[in-house]
1. Which of the residues that make up region 327-358 are of a type in the set (Ser, Thr, Tyr) and either at pLDDT 50 or above or out of contact with any Leu (no Cβ under 9 Å at 6 or more places or on another chain) (or both)?
2. Can you tell me which of (1) over 22 Å from the mean Cα position of the chain (by Cα); (2) modelled with pLDDT of 95 or more is the one MET184 doesn't meet?
3. Taking only region 251-266 into account, find how many residues are farther than 17 Å from HIS181 by Cα and without any contact (Cβ under 8 Å) to a residue 24 or more places away in the chain.
4. Suppose we keep only residues that are of a type in the set (Val, Ile, Thr) and touching a helix residue (DSSP H, G or I) at 6+ places or on another chain (Cβ under 6 Å) within region 287-322. Which one would you say is nearest to GLY334 (Cα to Cα)?
5. Here are some residues: TYR222, TYR237, TYR255. Which one is in contact with a strand residue (DSSP E or B) (Cβ under 6 Å, 6 or more places away or on another chain) and in the same structural domain as ARG139 (by TED's automatic domain parsing)?
6. Only one residue in ASN84, ASN93 is under 13 Å from the mean Cα position of the chain (by Cα) and of a type in the set (S, T, N, Q). Which one?
7. Within region 57-75, how many residues turn out to be over 22 Å from LYS203 (Cα atoms) and crowded, with 17+ Cβ neighbours inside 10 Å?
8. All but one of (1) at pLDDT 90 or above; (2) assigned by TED's automatic domain parsing to the domain that holds LEU170; (3) touching a strand residue (DSSP E or B) at 6+ places or on another chain (Cβ under 6 Å) hold for LEU26; which doesn't?
Amino acid sequence: MFTPKYTITNQLLANITRINGLISDLNNCRFPKVVLVAFEKTAREVSTFASTSIEGNPLPLTEVKKILKSKPANIRDSEKEVINYNHALETLNQLLESDKLELSLRLILDIHKRVIDGLLSTFETGKLRHHLVVVNDPRSGKIVYLPPEVEKVKELIDDLILYVKDSSNLVDPLILAGIFHKQMVIIHPFMDGNGRTTRLATKVLLAKMGLNTFNLFSFENYYNQNVTKYFQIVGEYGDYTDLARSIDFTNWLEYFTGGLLDELLRVNKLLPTIGNTPDTKLETHHLKMLAYIKQNGFITDKNYANLTDRAKATRTLDFQKLLELGLIERKGKGRSTYYLQRELDSSSVRGRIDKVRA
């Protein structure tokens, strides 16, 4: 039975407390749907770039954005890695919204299949490894870690999944997700694609437990800022057989939660400025319309005409902008058309980040 060793240090506790506070702050903020859609697109681009870059993909962020936009037919392996990762991000996010994802071996294998599609042979795609692998130091090329033997891989994965499920109401979700991440790296269950699969599975686990990083930020970006440090802390050095009972997760958990905290701080600072673009900025006449709805419960075009001296065609554009921003909704038809304030749950940060359970 998998029983990880770790200590809840002052630093770890401080990170978790601060993360919960930032999530609470974001929960109290509301942003137009169009703002969050744009933000989600950027988060996916950065996640795709960072996670593939960690594994040595040479493509810069600007090139990654071009590839994701154009989706070329004839592509190199480096481009295929980018397209695969982004596709996995989009698919997993859609499944999360439909509440169809549960952590399981089948899910992990499916993620690996999406990430590595077309990059490994079919008998190694979406399959646990059948051969012994070693982990080399990328700088010296020397072997630094011997993962578990092939015969132990499935048992170790099953034990890890069982631990996560049994501990869901006993262990802080952030600690649980961090332990899952490092243990997956330690097991090294695939011939290739271990890091990308692990980071995506961790994102799913965080989302299921309340912190959805698919939409707002990329913890992969934090790791990519110092890849050497990430590998040093998430990995181990030596033979798994000798290390198994002595592995301590504490240092990694401090780093893992520190990365989430760093990204949340960045998002918390950036989100309010996102709304100050020509497409999302609200002018005085827009605010008058919203104030009227708040006071009277609804507004018609005739009501709006009495509030401003804007022409009929311009008023139509004003209504359309607030509709696109998700701030109002249209009711009725023709001359009976009126507008209400829209409930913003699906467009607010609360819909993207639920409070992490302590």
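1. We begin by selecting, within region 327-358, every residue of a type in the set (Ser, Thr, Tyr); these are 336-339, 346-348.
Of everything in region 327-358, those that are of a type in the set (Ser, Thr, Tyr) and either at pLDDT 50 or above or out of contact with any Leu (no Cβ under 9 Å at 6 or more places or on another chain) (or both) turn out to be SER336, THR337, TYR338, TYR339, SER346.
2. Of (1) over 22 Å from the mean Cα position of the chain (by Cα); (2) modelled with pLDDT of 95 or more, only one is false for MET184: (1).
3. Residues of region 251-266 that are farther than 17 Å from HIS181 by Cα, as a first pass: 262-266.
Imposing the further condition that a residue be without any contact (Cβ under 8 Å) to a residue 24 or more places away in the chain reduces the set to none.
The number of residues fulfilling the criteria is 0.
4. Let us first name the residues in region 287-322 that are of a type in the set (Val, Ile, Thr), namely 293, 299-300, 308, 314, 316.
Adding the requirement that they be touching a helix residue (DSSP H, G or I) at 6+ places or on another chain (Cβ under 6 Å) leaves 299, 308.
Working: ILE299: 14, THR308: 21 Å.
Here the answer is ILE299.
5. Details: TYR222 fails: in contact with a strand residue (DSSP E or B) (Cβ under 6 Å, 6 or more places away or on another chain); TYR255 fails: in contact with a strand residue (DSSP E or B) (Cβ under 6 Å, 6 or more places away or on another chain).
Matching residue, one of TYR222, TYR237, TYR255: TYR237.
6. None of the others qualify; the one that does is ASN93.
7. The first filter runs over region 57-75 and keeps only residues over 22 Å from LYS203 (Cα atoms), leaving 58-60, 62-63, 66-67, 69-75.
The next check asks that each one be crowded, with 17+ Cβ neighbours inside 10 Å; those that pass are 59, 67.
Looking only at that region, the number is 2.
8. Here LEU26 clears every test but (1).
The values are calculated or read from the model by the stated rules, or taken from the named source; none is laboratory data. Remember, it's a predicted structure, so these values are computed and weren't measured experimentally. A quick note on method: Cβ atoms are made from the backbone with ideal geometry, for glycine too, and the neighbour counts reach across all protein chains shown.
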